[in-house]
């Protein structure tokens, strides 16, 4: 498959998979705590990737490991827990919309740290997207109260982590296979996840209850499709496309998340819709129609 078609195939498929991940997180939190969910998801994914791609570790140059480890923490470890905690107070669809900030953050980080030159209209996109985020955060603060509304910021921080990770993969880990990057990421974060799981009272859960068993099942589905397989596809997408195009998956992802949220009975008002549309317009404005250049 040619790269120009392959990148669109990956973009659409990843949108469907990751758009469904927010409702799986919500369902997983029924029987698990955020710490248990995040750490279990990492360890399940590590097991799956180890079985599938152990030989790829040998292809990773020694000088790339520090960047792969950093990529693991920014692209998986911190966002896993941030979104899990965020969805204890905000709807899954809102979390997905806030993740739409990733392309905007990717643009800013590429501009500041990697000398990437973009058209001026993309700065307008950043402003529009941030405006939509402000609307969404203010609405959550008003409806949920300051304490609960602040959980929206956890999703914003997770989007920032994703953006930093995309730039690291694109500019610092070139030449490493997509599977090698994915497995290397999880090798780097596996031990901290195991420690967190141990101290999260996971062993004290009643594994005979339906809620716990169903939650673990949802997290396995999330780990297998939404993390292990999707992570490899995303790493390859970053390798064959620009960072902003790669992060534009979040332009389509909220549509899938909104669909699942409505089916699950989430109440989404007109301000949610307005803020979401504003963010997506901002993302559209920063989308590449031409290849960008570096200084």
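Numbers for the structure displayed
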read-out	value
Residue 84 vs. criteria within 18 Å of the chain's Cα centre (by Cα), in contact (Cβ under 8 Å) with a residue 12 or more places away in the chain and either in a loop (DSSP other than H, G, I, E, B) or surrounded by 19 or more Cβ atoms within 10 Å (Cβ to Cβ) (or both)	yes
Qualifying position, being farther than 19 Å from residue 79 by Cβ, surrounded by fewer than 23 Cβ atoms within 10 Å (Cβ to Cβ), over 17 Å from the mean Cα position of the chain (by Cα) and at pLDDT below 75, among 271, 213, 205	271
Candidates 189, 168, filtered to the one that is buried (at least 20 other Cβ atoms within 10 Å of the Cβ), closer than 19 Å to residue 230 by Cα and at pLDDT 95 or above	189
Out of 51, 57, 14, sole residue that is touching a helix residue (DSSP H, G or I) at 6+ places or on another chain (Cβ under 8 Å), surrounded by fewer than 20 Cβ atoms within 10 Å (Cβ to Cβ), closer than 22 Å to residue 228 by Cβ and modelled with pLDDT under 95	57
Residue in segment 60-76 that is modelled with the lowest pLDDT, counting only those that are surrounded by fewer than 23 Cβ atoms within 10 Å (Cβ to Cβ) and touching a helix residue (DSSP H, G or I) at 6+ places or on another chain (Cβ under 8 Å)	60
Restricting segment 28-40 to residues that are closer than 20 Å to residue 89 by Cα and crowded, with 23+ Cβ neighbours inside 10 Å, the residue that is nearest to the chain's Cα centre (by Cα)	38
Checklist (1) buried (at least 23 other Cβ atoms within 10 Å of the Cβ); (2) closer than 28 Å to residue 56 by Cβ applied to residue 155, failing item	(2)
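The values are calculated or read from the model by the stated rules, or taken from the named source; none is laboratory data. Owing to the predicted nature of the structure, the values given are computational and were not obtained by experimental measurement. Cβ atoms come from the backbone with ideal geometry, glycine included; neighbour counts cover every protein chain shown.
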